[in-house]
Amino acid sequence: MEIYLVRHTTPNIEKGICYGQSDIGITNTFTAEVEKIHQCIPVHDITTIYSSPLQRCKLLAQTFKKEIIFDDRLKELNFGDWELQPWDAIHSSEIDPWMNDFVNVQVPNGESYIKLQERILEFYTSLNHISEEKVVVITHAGPMRALLAKLQQIELKNSFSIKIAYGEVISI
């Protein structure tokens, strides 16, 4: 199986806002970003598209004009009470414990990074890796980093060393 991991295109939200699982749209650079993504993938050979159901992924998935399987395990980290809040407005009594151990500490009414990794690994192991299929997985930076960290044997706490731009395609 050939897997093309794709991060969604640029989201339509101002910088400095925590937006994890918030269902926000995309910017007017979408078409140009899609063209670059399609150039990195053998589009005609793709059999299936797996996608986060959030619209910033869904809209990209639809451009492939193939079967799409939406999977909640591909969603970004659930930031719970922090969703759509400016990062600098989150009280230090809440954010400091998380910043000190973002791998294990759960965001209030959200999830921890280790839980995100568990769900993306569950998705990854559910794929038929011995098939000859070529699939596209459209997701977010968090799940991509968590998966790549596991595959590259990088400690989860160091996974932010894996830089992933909007619209980036990684073949695994």
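The values are calculated or read from the model by the stated rules, or taken from the named source; none is laboratory data. Treat the numbers as computed from the prediction; the structure is a model and nothing was measured. Every residue, glycine as well, gets a Cβ built from its backbone with ideal geometry; the counts of neighbours run over all protein chains shown.
Residues in segment 63-91 that are of a type in the set (Asp, Glu) and assigned to a helix (DSSP H, G or I) were compared, and the one that is farthest from Leu121 (Cα to Cα) is Asp88.
Applying the selection to segment 12-21, what residues are surrounded by fewer than 16 Cβ atoms within 10 Å (Cβ to Cβ), touching a Pro at 6+ places or on another chain (Cβ under 9 Å) and either among the basic types (Lys, Arg) or within 15 Å of Gly110 (Cβ to Cβ) (or both)? Once the filter is applied, which keeps residues that are surrounded by fewer than 16 Cβ atoms within 10 Å (Cβ to Cβ), touching a Pro at 6+ places or on another chain (Cβ under 9 Å) and either among the basic types (Lys, Arg) or within 15 Å of Gly110 (Cβ to Cβ) (or both), segment 12-21 yields nothing.
When we screen Leu77, Leu121, Leu116, Leu59 for residues that are at pLDDT 95 or above, farther than 15 Å from Val135 by Cβ and touching a strand residue (DSSP E or B) at 6+ places or on another chain (Cβ under 9 Å), the only hit is Leu59.
Yes or no, residue by residue, for (1) in a loop (DSSP other than H, G, I, E, B); (2) loosely packed, with under 15 Cβ neighbours inside 10 Å; (3) in contact with a Phe, Trp or Tyr (Cβ under 9 Å, 6 or more places away or on another chain):
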{"residue": "His44", "(1), (2), (3)": "no, yes, no"}
{"residue": "Ala61", "(1), (2), (3)": "no, no, yes"}
{"residue": "Ile95", "(1), (2), (3)": "no, no, yes"}
{"residue": "Asn104", "(1), (2), (3)": "yes, yes, yes"}
